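S.K.: Pasting a structure below so you can have a look.
The values are calculated or read from the model by the stated rules, or taken from the named source; none is laboratory data. Just so it is clear, the structure is predicted and the values come from calculations on it, not from any experiment. Every residue, glycine among them, receives a Cβ derived from its backbone with ideal geometry; neighbour counts consider all protein chains shown. These area figures cover heavy atoms from the full protein model, side chains too; ligands, DNA and RNA do not enter into them. Shrake-Rupley method; radii C 1.70, N 1.55, O 1.52, S 1.80 Å.
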Amino acid sequence: MIEEDARQLKDRSRMAFDTQASTYDEGMQGEHARRLYPHVVEEVVRAVADIPSPCLLDLGCGTGALAKLVLSQVPRARLTCVDLSSEMLAVAGKCLGAAAKLVAADAERLPFCDSSFDAAWCNDSFHHYPDPERAAFQAWRVLAPGGTLVIGDAWQPAPARAIMNAWMPYSREGDVRIYSERELKGILDRWFSEVSWRRIGATACIAVARKAV
């Protein structure tokens with residue numbers, strides 16, 4: 001994807017989520033993401049169970065509601081949240097207060113040192129990334145050896161996925177692609193040593209990728 005197209009997609013996402021920020025936690029736009037919250041929390045908690053004070057990264061944190069749930073289960077965590085949307089970050093700041101560091105950043109160009117985090121998650125955001133391979137690499141890069149990336153995202157069976165992916169270029173929210181199990185695993189397998197995938201209901205999935213020790 002050429003750089004100008006990628007920039008336009010990111011601008012669409014940024015503007016859409018700026019608009020949705022004030023109602024996302026209760027409105028229809030955030031419903032799909034909210035259904036994934038307990039599954040993402042479960043995987044993150046499992047990933048850092050043996051780390052007393054883990055460093056955690058939320059990629060596409062939105063309103064901070066999911067991050068708050070993670071912190072309720074991992075209260076000694078040191079949390080960093082990133083998002084493209086300034087309005088989402090403003091809501092997240094009210095939600096999380098001093099419990100998290102908030103950074104306006106692009107998941108494809110993370111402003112963090114290598115091996116900075118023990119676990120990261122990306123919920124309902126991965127299908128917005130114009131360069132998913134680069135985003136996967138960036139997550140891998142900033143994770144410590146043995147670190148875990150948890151992705152919760154949209155999923156559809158093949159016929160519906162083909163229709164939706166044909167419509168994606170016209171999306172006003174900067175959607176890029178819904179991935180099959182094989183496609184998502186293929187993106188992650190390039191960098192991560194262990195990758196698992198499972199369906200969540202009829203329209204979602206969870207992928208868990210572990211960086212080699």
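S.K.: Within region 65-85, count every residue that is more than 24 Å from Arg199 (Cα to Cα) and of a type outside the set (Lys, Arg).
M.R.: Going through region 65-85 one residue at a time, the tally reaches 12.
S.K.: Can you spot a residue in region 148-157 that is modelled with pLDDT of 95 or more, surrounded by fewer than 22 Cβ atoms within 10 Å (Cβ to Cβ) and part of a loop (DSSP other than H, G, I, E, B)?
M.R.: Checked against the condition, which is being modelled with pLDDT of 95 or more, surrounded by fewer than 22 Cβ atoms within 10 Å (Cβ to Cβ) and part of a loop (DSSP other than H, G, I, E, B), region 148-157 yields at least one hit.
S.K.: Cβ-Cβ distance below 8 Å, separation of 6 or more or different chains: which pairs start in region 98-113 with a residue that is in contact (Cβ under 8 Å) with a residue 12 or more places away in the chain and more than 16 Å from Gly62 (Cα to Cα) and end on one that is open to solvent by less than 80 Å² (accessible area, probe 1.4 Å) and assigned to a loop (DSSP other than H, G, I, E, B)?
M.R.: Glu108/Tyr129; Glu108/Pro130; Glu108/Asp131
S.K.: Among the residues of region 1-49, what is the count of those that are open to solvent by 90 Å² or more (accessible area, probe 1.4 Å) and either touching a Cys at 6+ places or on another chain (Cβ under 8 Å) or among the hydroxyl-bearing types (Ser, Thr, Tyr) (or both)?
M.R.: Here the count works out to 2.
S.K.: I need a count of the residues in region 158-212 that are in a strand (DSSP E or B) and either in contact with an Asp or Glu (Cβ under 7 Å, 6 or more places away or on another chain) or open to solvent by less than 20 Å² (accessible area, probe 1.4 Å) (or both).
M.R.: Of the residues in region 158-212, 9 are in a strand (DSSP E or B) and either in contact with an Asp or Glu (Cβ under 7 Å, 6 or more places away or on another chain) or open to solvent by less than 20 Å² (accessible area, probe 1.4 Å) (or both).
S.K.: In this structure, is Leu71 over 16 Å from Gly152 (Cβ atoms), under 14 Å from the mean Cα position of the chain (by Cα) and surrounded by fewer than 22 Cβ atoms within 10 Å (Cβ to Cβ)?
M.R.: Considered against the rule, which asks whether it is over 16 Å from Gly152 (Cβ atoms), under 14 Å from the mean Cα position of the chain (by Cα) and surrounded by fewer than 22 Cβ atoms within 10 Å (Cβ to Cβ), Leu71 comes out as no.
S.K.: Being within 14 Å of the chain's Cα centre (by Cα) and either buried (at least 22 other Cβ atoms within 10 Å of the Cβ) or assigned to a helix (DSSP H, G or I) (or both) is true for just one of Leu57, Leu96, Leu89. Which residue is that?
M.R.: Answer to the check: Leu57.
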